[in-house]
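Heads up, the thing below is written out as structure tokens.
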Amino acid sequence: MTDNSSLDKKLELLKNFTACDVADALLRLNHPLGGYLPNIVMFSPEYQSGDTKLVGPVYTVKIVPKSDTTSPKLATSYADTIPSGNVVFLSAPPDSINAVWGGLMNTRAKILGAKGVVVDGRIRDLEELRSDGIPVFARATSVLSAKEFTRPTALNVPIILNGNHDPPIKINPDDIIFADLDGIVCIPKDLLEQVLDSCEKHVAMDKNLKNALYEGITLTEAKSIHRKE
Amino acid sequence: MTDNSSLDKKLELLKNFTACDVADALLRLNHPLGGYLPNIVMFSPEYQSGDTKLVGPVYTVKIVPKSDTTSPKLATSYADTIPSGNVVFLSAPPDSINAVWGGLMNTRAKILGAKGVVVDGRIRDLEELRSDGIPVFARATSVLSAKEFTRPTALNVPIILNGNHDPPIKINPDDIIFADLDGIVCIPKDLLEQVLDSCEKHVAMDKNLKNALYEGITLTEAKSIHRKE
Amino acid sequence: MTDNSSLDKKLELLKNFTACDVADALLRLNHPLGGYLPNIVMFSPEYQSGDTKLVGPVYTVKIVPKSDTTSPKLATSYADTIPSGNVVFLSAPPDSINAVWGGLMNTRAKILGAKGVVVDGRIRDLEELRSDGIPVFARATSVLSAKEFTRPTALNVPIILNGNHDPPIKINPDDIIFADLDGIVCIPKDLLEQVLDSCEKHVAMDKNLKNALYEGITLTEAKSIHRKE
């Protein structure tokens, strides 16, 4: 079995869990902040609702203000470069008022086999994004295209999440994105196997714990019975 | 009739009104800010939508950062201590990034007869909360559990709402919570009877006022006819 | 044909496009920020969802804190002054915690033929607003009426949008509001004809461009073919 199909299999298994389960596992593995990328929420297929899960390797796009003339320029539209099976992650400049993702790019991404999109910034053409069907997460919407305001500068490079987080929150190429209605988690690829194992063990415990609650046991008792390790 | 069944009866009558009606009544009674607890919104059963009303006596849980080692510790899970018929109010530390309420606690609260939950902070397991059915209000979601970040320190104590409100907004044990899609109001128990009377009088006036609008009268005239006291 | 029916015809044609299309056209015409009014979103008929479009000439209402005793006072309720076919735009004081728009005013506005409402501030009675059916956009909800907090001071005057925008964002009487689920654009009346022409030309290009994407062409190629001018 190739490395990729083995990765796909793991990601498929991971979909049995939630972003909360994955963050719990990463915290147990001492990964900072459980990989949480705060304050980016599901906008498509619907606003923070439903059982949509977006799981896949990240493909990052670093975006700078147009006023930045020193950062490198890209030769082609970054939407044409998205590898199939990936989750596009766009890092907009802090507090940018324009969208860095919209209908045309989304359709191109979908055609290229992107699994979905996470935007640390704003999106537009929400109606089109929703009709395309691939999940899209963002901070907010806008009506402004990037054209006059921002431009891409680098593909698949390490990214620092917007917001004054201490320590800074990093997204690295090859990381795995897990996003659902509660929020977004970024999993280092090296930890994927351990995250899966930890989720399998602990989510089973918590299912038993929840059943115990329905039998009328206290949460304190239920935890002492079902969460001993 | 016991005091409790008399309270239940009043709360049931109060459900004929809205959070806006209740805030109007409290302002007429010179209660500061009409008891409004700003910027906490309905997340379950749906996001700021539908006719859900959460009405009941508050049961507060004060939560501190885990780094706070001086505040008292609780012996058992606070979810086990929730009195039936109450509205749980969780006060998270300001700007905390983790959830202080999630699926297991919610299920336990529901089993214990809690009417619903208000979180001055973040929640997680939104899908589970929505399937449990009791209303849940919060500032935002998160994927992080409290475990590594925050801990409860006191039950049913007075709470100061997060945000730099001047004067501070207080929630006291025994206050009544009234929450719907517009927002949340905190009613001092001593004012409940007067709030009910005031709502009954003024909402009837405003129903007549609205009917007058449909008959083509101006809002200025309609107010002069239907809001004289 | 009167001027008004000619305007109505143009506004009807404009509804073939989106707020994003209109902002794109305004940017091509060098209008600052493409007329975008950031961070005010659709609350009614639903939260940032569906194909609702609110398009019409603006009718502004400037609101000041009640503590401001020097600004002029209005003799009648401003809800009685709304011209038929207009979009009411309410400018609340920055960071005001109370709603400046609610159920009674909305019903009166609807009866007077208002097309919808945009609030640079908070709204209340969301359930009533949604049942009235005319679109309503705002920053947030509240349970507090304006009564004790704010008051209107001037009708159909120029407005500066809240938020520290540099340069300031202005809304002038006679401007045209275009609002949908992505956000709100303010079109100077003098530019309406050019905006329409520009939308017609460019949206047709982008439809061809999107079709080209579905034929498997790259976004880079598709742009070079379908966006040459």
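The values are calculated or read from the model by the stated rules, or taken from the named source; none is laboratory data. Not measured: the values here are computed from a predicted model. A quick note on method: Cβ atoms are made from the backbone with ideal geometry, for glycine too, and the neighbour counts reach across all protein chains shown. Calculation scope for accessible area: heavy atoms of the full protein, side chains included, ligands and nucleic acids excluded. Shrake-Rupley method; radii C 1.70, N 1.55, O 1.52, S 1.80 Å.
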Review point. In this structure, is A:Leu74 aliphatic (A, V, I, L, M), farther than 22 Å from A:Val41 by Cα and either open to solvent by 50 Å² or more (accessible area, probe 1.4 Å) or touching a helix residue (DSSP H, G or I) at 6+ places or on another chain (Cβ under 6 Å) (or both)?
Key: yes
Check your understanding: With respect to A:Ala204, is the statement that it is exposed (fewer than 13 other Cβ atoms within 10 Å of the Cβ) and modelled with pLDDT under 95 true?
Key -> yes
Exercise for review: Could you tell me whether any residue of region B:185-198 is in contact with an Asp or Glu (Cβ under 8 Å, 6 or more places away or on another chain) and part of a strand (DSSP E or B)?
Suggested key: yes
Practice item. Check off (1) more than 23 Å from A:Thr18 (Cα to Cα); (2) open to solvent by less than 10 Å² (accessible area, probe 1.4 Å) for B:Phe137 and give me the number that stays unchecked. Key: (1)
**Study point:** Within region A:15-46, considering residues that are among the charged types (D, E, K, R) and more than 7 Å from chain B (Cβ to nearest Cβ), the one farthest from A:Val118 (Cα to Cα)
**Key:** A:Arg28
Review point. Among C:Asp51, C:Asp68, C:Asp21, which is the only one that is touching an Asp or Glu at 6+ places or on another chain (Cβ under 8 Å) and open to solvent by 10 Å² or more (accessible area, probe 1.4 Å)?
Key: C:Asp51
Practice item. Search region A:27-48 for residues being out of contact with any Ser or Thr (no Cβ under 9 Å at 6 or more places or on another chain) and part of a loop (DSSP other than H, G, I, E, B), and hand back the single one that is surrounded by the most Cβ atoms within 10 Å (Cβ to Cβ). Key: A:Ile40
Exercise for review: Evaluate region C:143-156: report whether one residue or more is more than 25 Å from C:Lys73 (Cα to Cα) and of a type in the set (A, V, I, L, M, F, W, C).
Suggested key: no
Point to revise | Qualifying positions in region B:109-120 - within 15 Å of B:Tyr59 (Cα to Cα) and either at the interface with another protein chain (Cβ under 10 Å from one of its Cβ atoms) or in a loop (DSSP other than H, G, I, E, B) (or both) | key: B:Ala109, B:Lys110, B:Leu112, B:Gly113, B:Ala114, B:Lys115
Review point. Looking at (1) open to solvent by less than 10 Å² (accessible area, probe 1.4 Å); (2) part of a strand (DSSP E or B); (3) within 18 Å of C:Lys189 (Cβ to Cβ), which is the only condition C:Tyr59 fails?
Key: (1)
Exercise for review: Of the conditions (1) within 11 Å of another protein chain (Cβ to nearest Cβ); (2) hydrophobic (A, V, I, L, M, F, W, C); (3) without any contact (Cβ under 8 Å) to a residue 12 or more places away in the chain, C:Ala204 clears all except one; give me its number.
Suggested key: (1)
Exercise for review: Assess whether B:Glu128 counts as being closer than 30 Å to A:Pro32 by Cβ and not in a loop (DSSP other than H, G, I, E, B).
Suggested key: yes
Point to revise | Failed criterion for C:Met205 (all others in (1) assigned to a helix (DSSP H, G or I); (2) under 12 Å from the mean Cα position of the chain (by Cα); (3) not acidic (Asp, Glu) hold) | key: (2)
Point to revise | Test for A:Ile97: is it open to solvent by 30 Å² or more (accessible area, probe 1.4 Å), touching a Pro at 6+ places or on another chain (Cβ under 8 Å) and either more than 14 Å from chain C (Cβ to nearest Cβ) or assigned to a loop (DSSP other than H, G, I, E, B) (or both) | key: yes
Exercise for review: Would you point out the residue of region B:166-180, among those that are modelled with pLDDT of 95 or more and out of contact with any Phe, Trp or Tyr (no Cβ under 9 Å at 6 or more places or on another chain), that is most open to solvent (accessible area, probe 1.4 Å)?
Suggested key: B:Lys170
Revision key, fill the gap. Within region A:162-171, residues within 24 Å of A:Val136 (Cα to Cα), away from chain B (no Cβ under 12 Å) and in contact (Cβ under 8 Å) with a residue 40 or more places away in the chain come out as A:Asn162, A:Ile171
